[in-house]
1. Restricting attention to the range 182-229, which residues are of a type in the set (Gly, Ala, Ser), surrounded by 12 or more Cβ atoms within 10 Å (Cβ to Cβ) and at pLDDT 85 or above?
2. Which pairs do you get when a residue that is among the acidic types (Asp, Glu), found in the range 32-59, comes within reach of a residue that is open to solvent by 70 Å² or more (accessible area, probe 1.4 Å), reach meaning Cβ atoms under 9 angstrom, with the pair 6+ apart or on two chains?
3. Tell me which residues, restricted to the range 120-156, are crowded, with 16+ Cβ neighbours inside 10 Å and over 18 Å from residue 27 (Cα atoms).
4. Which pairs do you get when a residue that is over 19 Å from residue 202 (Cα atoms), found in the range 168-184, comes within reach of a residue that is buried (at least 17 other Cβ atoms within 10 Å of the Cβ) and among the polar types (S, T, N, Q), reach meaning Cβ atoms under 7 angstrom, with the pair 6+ apart or on two chains?
5. Which ones in the range 65-85 are under 18 Å from residue 14 (Cβ atoms) and either of a type in the set (Gly, Ala, Ser) or surrounded by 16 or more Cβ atoms within 10 Å (Cβ to Cβ) (or both)?
6. Please verify whether residue 43 is open to solvent by 20 Å² or more (accessible area, probe 1.4 Å), modelled with pLDDT under 90, over 19 Å from the mean Cα position of the chain (by Cα) and over 14 Å from residue 117 (Cα atoms), treating the condition exactly as stated.
7. Examine the range 1-9 for a residue that is buried (at least 17 other Cβ atoms within 10 Å of the Cβ) and modelled with pLDDT of 75 or more, and state whether such a residue exists.
8. Which members of the range 227-259 meet the condition of being part of a helix (DSSP H, G or I), under 27 Å from residue 31 (Cβ atoms) and hydrophobic (A, V, I, L, M, F, W, C)?
Amino acid sequence: ESQMNEKLTIGQYLQGDSIVHKMDARIKLIITTLFIISIFFVDGFIGFAFYAAFVLFVIFIAEVPLKQILRGLRPIIAVIILTLILNIVTTPGETLFRFWIFNVTKEGLYRAVFVSIRIILLVFGTSLLTLSTSPLSLTDGIESLLKPLIRFHFPAHELAMMISIALSFIPTLFNEADKIRKAQTARGADFESGNIIARAKAMIPLMVPLFLNSFHRAEELGTAMEARCYRGGEGRTRLNPPVLKKSDVIIFIGVSIYFALIA
């Protein structure tokens, strides 16, 4: 199980004592949101270089292993490759060479690399949030930020709880899928050979028990929450309520100015 957790970044939390770990979860959520929004205003590689420098700096001060961040790219390698191919063959412009019925253009190659770098930076930024923030702090932060919407009957607590449970279940389901795959392989199942269609059909014996186990775990979780008298967010209090420190405000202002200047 530990080997599988090393391969997964999304939904994992690495316990630490760095400045990033100690920051208020609400500030980290806002900074991550600003990072995601402002990176779409960048229209050149120089801007991406500044964002990459920011991400590397945060990785350094958060004391998160770079290998752990890079592992977060594994689940989206197919998406990055597909993005590269689609942008290369569909973007009009100066033709570099022809491949079958497709024109590979200079503008398409530029745009493909540009979009791919943007996706990679987005994955790095969001991975840093989950790696440096515990699921409980993340839930409290989301709920606190959405609290003003409660007056409009928005289920802030329920939404925050759902997000927290979903994130915490990602490593569990990943490990469960690996165990089922190994069990099916021991029984003679082949998940590697054949074309894409054959591989997709071979995944059916894996997906069925995985879904059944997921529903079983969800039912167990619901029973456990009911046994602990969980009835939603109304009237509930926190053992350790989030406290906004002066250092959090200073970091937020500094990062916001940095993002604004890049954009």
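The values are calculated or read from the model by the stated rules, or taken from the named source; none is laboratory data. Quantities reported herein were computed from a predicted structural model and do not represent experimental measurements. A quick note on method: Cβ atoms are made from the backbone with ideal geometry, for glycine too, and the neighbour counts reach across all protein chains shown. Only protein heavy atoms, including side chains, enter the accessible area calculation; ligands, DNA and RNA are left aside. Shrake-Rupley method; radii C 1.70, N 1.55, O 1.52, S 1.80 Å.
1. Residues satisfying the conditions are 214, 218.
2. Final answer for the pair search is none.
3. 120, 121, 123 - these are the residues of the range 120-156 that are crowded, with 16+ Cβ neighbours inside 10 Å and over 18 Å from residue 27 (Cα atoms).
4. Pairs found: 171/12.
5. 68, 69, 71, 72, 73
6. No, not satisfied.
7. For the range 1-9, residues buried (at least 17 other Cβ atoms within 10 Å of the Cβ) and modelled with pLDDT of 75 or more: absent.
8. Once the filter is applied, which keeps residues that are part of a helix (DSSP H, G or I), under 27 Å from residue 31 (Cβ atoms) and hydrophobic (A, V, I, L, M, F, W, C), the range 227-259 yields 249, 250, 251, 252, 253, 255, 257, 259.
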